[in-house]
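Every read-out reported here was derived from the displayed coordinates using simple, explicitly stated rules and does not represent laboratory data. Remember, it's a predicted structure, so these values are computed and weren't measured experimentally. Note that each Cβ is placed from the backbone with ideal geometry, even for glycine, and that neighbours are counted across all protein chains shown.
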Amino acid sequence: MTHVTTHVLDAATGDPAVGVDIVLAHASGGAVTAEAAGAIVAHGTTDADGRLALGPERLEPGDYTLTFLTGEYFAATATPTFYPYVPVTFTVDESGRHLHVPLLLSPFAYSTYRGS
C-alpha cells in the first residue's frame with residue numbers, strides 16, 4: 001500500500017472529483033534536505049471515485065505538499081474558480097502510519113483534514 005492516499009469530493013456537485021491531477025513533493029522548510037525541497041515524489045490523477053494513492057510504500061520523515069490542480073479540473077467544465085491549485089502541506093513522522101489527506105472542493109472554497 002502507498003503511504004499517502006487522497007479522496008477529492010466536489011462539494012458544489014456532491015460528486016467525486018474525477019480527473020484532478022495531484023502532485024506529491026517535498027516541501028521546503030522541513031526535515032528534508034535543501035536539495036530535496038520541492039522535488040516531486042509522485043503524481044497522478046483521481047479515479048472515477050475521486051480517489052488516488054500515490055508515492056512509495058514509505059515516505060521519509062519530513063514535510064511534504066500535495067498540490068491539487070483545481071484550476072484545470074474546473075476549466076474542464078468551464079466553471080470559474082478562485083483557486084488555480086490547492087497546496088496542502090503536512091508532516092510525515094517516524095511512525096510509518098498511513099496518511100489519508102481528503103479534500104472537499106468547490107470553486108470558491110476548500111477544506112481538508114487528516115483522514116484515516
Computed, not fitted: 222 nm per-residue ellipticity of the chain from DSSP H runs ≥ 4 (each -39500 (n - 2.57)), nearest 500, equal to -1000 deg cm²/dmol
Simple spin-label estimate for ARG97/VAL18, 7 Å along Cα→Cβ, in nm, reads 3.4 nm
Karplus-derived 3J(HN,Hα) from phi for segment 80-92 (6.51 cos²θ - 1.76 cosθ + 1.60, θ = phi - 60°), whole Hz, x at Gly and Pro, runs x, 9, 8, 10, x, 7, 10, x, 10, 9, 9, 10, 9
Pseudo-spin-label distance ASP63 to HIS43, built 7 Å along Cα→Cβ, given in nm, is 2.2 nm
Ordered by number, the GluC sites (Glu not before Pro) in segment 43-116 that occupy a DSSP loop and have at most 16 other Cβ atoms within 10 Å are GLU57, GLU94
